[in-house]
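**Q** Once you've had a glance at the structure underneath, I'll fire off some questions.
Each reported figure results from applying straightforward, stated rules to the coordinates on display, with no laboratory input. Keep in mind it's a predicted model, so treat the numbers as computed, not measured. Every residue, glycine among them, receives a Cβ derived from its backbone with ideal geometry; neighbour counts consider all protein chains shown.
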Amino acid sequence: MNNVFKASERASKIEYAIRDVVVPADILEKKGHQIIKLNLGDPLAYPGLPTPNHMIEAYKKALNDQINGYSHSYGIPDLRYAISQNEKNKANGGWNCSDNDVYVTTGVTEALLLLFATFLEDGDQVLAPGPHYPPYLAYPQMFGGETVEYKLDGERDWSIDLDDLKSKMNDRVKLLVLINPNNPTGNVLKESEIVEILNIVSDYDNCTIISDEIYDRLNFNNDHFSIAARSEKTPVITLNGVSKVYYAPGWRVGYMAFHDPNNNLSNIRDGVEKLLRSRLCPSTPAQYGYAAGLLENEDWMKSYLNSIKERSDQCVDRINSIRGLSVQPPQGAFYMFVKLTDEKWCNNDKSFVLSLLKEKHVLAVHGSGFSSEYGKGHFRIVFLPSMKILNDVFDRIDSFLN
């Protein structure tokens with residue numbers, strides 16, 4: 001008799017709704033159905049927003065010059081310098097970031113794993129927004145931590161419920177996560193909100209802020225403020241990378257940048273550096289490609305952003321015209337977090353997504369996959385395809401609902 005091995009509890013509990021919904025879609029595709037996939041935030045999955053050519057050429061040059069070996073575990077010097085300059089020169093005020101404050105990682109997801117592994121002991125808490133990007137709920141549990149969600153208010157443009165956040169702060173909270181702009185809602189923090197959040201956190205000496213700013217340049221009103229630039233006391237670790245703003249998600253290059261005004265994180269940095277050395281390095285040629293994006297002309301970004309903003313406006317109008325749906329206009333990123341007002345589906349968002357996939361061959365992500373409490377009754381779509389495709393999607397959803 002074969003012995004069936006048991007998976008660890010930590011692995012068995014992992015859920016990642018954005019990719020989990022692909023499993024039933026793959027089954028339909030194998031049966032010959034064409035699926036319109038709006039689940040994955042990959043700007044290269046849709047034509048019209050290619051990786052800029054000068055970045056590709058820098059990547060290719062590294063390959064052609066045989067720069068294919070291991071790099072420094074903390075990242076190549078050119079990229080660390082480029083990132084530090086980018087942090088210093090943020091549009092709405094930067095902070096005094098040096099090359100040595102920057103650690104290059106294999107995407108933001110690796111940065112999260114390294115930070116949770118270094119910060120957390122059994123019983124520690126991570127405060128994360130609800131709804132939020134799924135790894136913020138999945139990963140802390142792997143290291144003995146617990147994720148507690150604070151509320152984003154869907155009736156107020158998904159702004160942070162500061163009273164709820166304040167009520168959940170305590171001495172066990174080691175990390176407060178801010179996702180700005182937010183995935184999946186597209187909310188962008190106002191400067192006044194940032195000041196209030198920093199005032200709340202300043203009462204807790206053991207708390208560090210993780211500021212996920214992977215969509216920082218994808219904000220529609222030029223009102224994104226770096227959290228680190230506003231913090232005079234609380235440590236802030238900024239996360240960012242090449243995937244969204246520079247349109248190269250498959251390169252898998254991200255970073256964490258430490259803003260530590262009072263040198264509270266010296267032991268944390270030592271632990272992070274040990275973990276970085278033990279896992280060798282991110283892709284060397286891809287780092288050169290990302291450095292070129294940061295250091296060379298960025299005029300191309302404006303046309304990309306204008307295209308995305310125009311699509312956002314058209315999608316909001318179309319969604320709000322469909323009986324059974326409503327949506328708050330996103331202020332950044334490229335997602336619509338759509339509310340189900342239809343009585344049949346408002347409490348069954350996962351069933352809605354699976355039924356829509358089965359009957360109309362449109363793949364979205366259920367809102368409860370981003371937060372069982374604060375995301376339920378919604379679904380997320382990516383609005384990067386052409387309006388021709390998106391209008392087809394909305395026609396299918398309208399037909400499905402009505």
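**Q** Under the Karplus relation 6.51 cos²θ - 1.76 cosθ + 1.60, θ = phi - 60°, what is the ordered set of whole-Hz ³J(HN,Hα) values for region 199-210, x standing for Gly and Pro?
**A** These are the phi-based 3J(HN,Hα) values: 5, 5, 6, 4, 7, 10, 6, 9, 9, 10, 9, 9 Hz.
**Q** Based on the Kirkwood radius over alpha-carbon pairs, what value in µm²/s does the Stokes-Einstein equation return for the translational diffusion coefficient of region 235-284 at 20 °C and 1.002 mPa s? All intermediate terms of the calculation are to be shown ahead of the outcome.
**A** Working: Rh = 12.5 Å.
Rounded to a whole number, D works out at 172 µm²/s.
**Q** Tilt of helix 53-64 relative to the longest C-alpha principal axis of the chain, in degrees (0 to 90, nearest 10)?
**A** 60 degrees
**Q** Within region 160-177, what residues put their amide N at less than 14 Å from the label point 7 Å along the Cα-to-Cβ vector of N199?
**A** Residues 162-163, 166 fall inside that zone.
**Q** What list of ³J(HN,Hα) values in whole Hz, one per residue of region 184-195 in order, does the Karplus curve 6.51 cos²θ - 1.76 cosθ + 1.60 (θ = phi - 60°) give from phi, with Gly and Pro shown as x?
**A** So the J values, rounded to whole Hz, are x, 8, x, 6, 10, 5, 6, 4, 5, 5, 4, 4.
**Q** Round to the nearest 10 and give me the degree value, 0 to 90, for the angle of helix 300-320's Cα axis relative to the longest principal axis of the chain.
**A** 40 degrees
**Q** Restricting to DSSP H runs of at least four residues, report the calculated mean residue ellipticity at 222 nm for the chain, -39500 (n - 2.57) per run over all residues, nearest 500 deg cm²/dmol. Walk me through the numbers before you get to the answer.
**A** Values: 15 runs with 153 residues, N = 402.
Taking each H run of at least 4 residues, the total per residue is -11000 deg cm²/dmol.
**Q** What number do you get for region 358-402 when its Cα radius of gyration is normalised by 2.2 N^0.38 Å, N = residues?
**A** On the way: Rg = 11.8 Å, N = 45, 2.2 N^0.38 = 9.3 Å.
Against the empirical 2.2 N^0.38 Å value, I get 1.26 for region 358-402.
**Q** Helix 387-401 against the longest principal axis of the chain: what's the angle in degrees, Cα atoms only, rounded to the nearest 10?
**A** 50 degrees
**Q** Region 192-242: D in µm²/s via Stokes-Einstein (Kirkwood Rh, Cα pairs, 37 °C, 0.692 mPa s)? Don't skip to the end; give the middle numbers.
**A** Numbers: Rh = 11.8 Å.
Reported coefficient: 278 µm²/s.
**Q** Follow-up question, since we're still on this one. Which whole-number percent is the relative contact order of the chain (Cα, under 8 Å, 6+ apart)?
**A** Working: 767 pairs, mean separation 90.6, N = 402.
Relative contact order, the chain: 23 percent.
**Q** Starting at 0 and stepping by 5 Å, how many percent of the alpha carbon pairs of region 157-217 end up in each bin?
**A** Spelled out bin by bin, region 157-217 gives 4, 17, 29, 27, 16, 7, 1 percent.
**Q** Given the options A128, A228, A138, state which has the largest fluctuation in a GNM of the chain using a 10 Å cut-off (strictly under) for Cα springs.
**A** A138
**Q** Please list the non-local residues whose amide H lies under 5 Å from the amide H of Y150, H modeled 1.01 Å from N, same-chain partners needing a gap of 5 or more.
**A** Amide H neighbours of Y150: A128, G130.
**Q** Still on this structure: Give the separation of the Cα centroids, region 170-219 to region 350-396, in Å.
**A** Result: 27 Å between the Cα centres.
**Q** Sticking with this structure for a sec: Suppose the Debye formula is applied to equal point scatterers at every Cα of the chain; what is log10 I(q)/I(0) at q = 0.10 Å⁻¹?
**A** -0.68
**Q** Let me ask something else. Given Cβ point charges of +1 (Lys, Arg) and -1 (Asp, Glu) and nothing else, what value in debye, to the nearest 20, does the dipole of the chain about its Cα centre take? All intermediate terms of the calculation are to be shown ahead of the outcome.
**A** Numbers: 42 positive and 52 negative charges, 246 e Å.
It comes to approximately 1180 debye.
**Q** With both partners inside the chain, how many of the DSSP beta bridges are antiparallel, as a percent to the nearest 5? Show your work: numbers first, answer last.
**A** Details: 23 of 43 bridges.
The antiparallel proportion sits near 55 percent.
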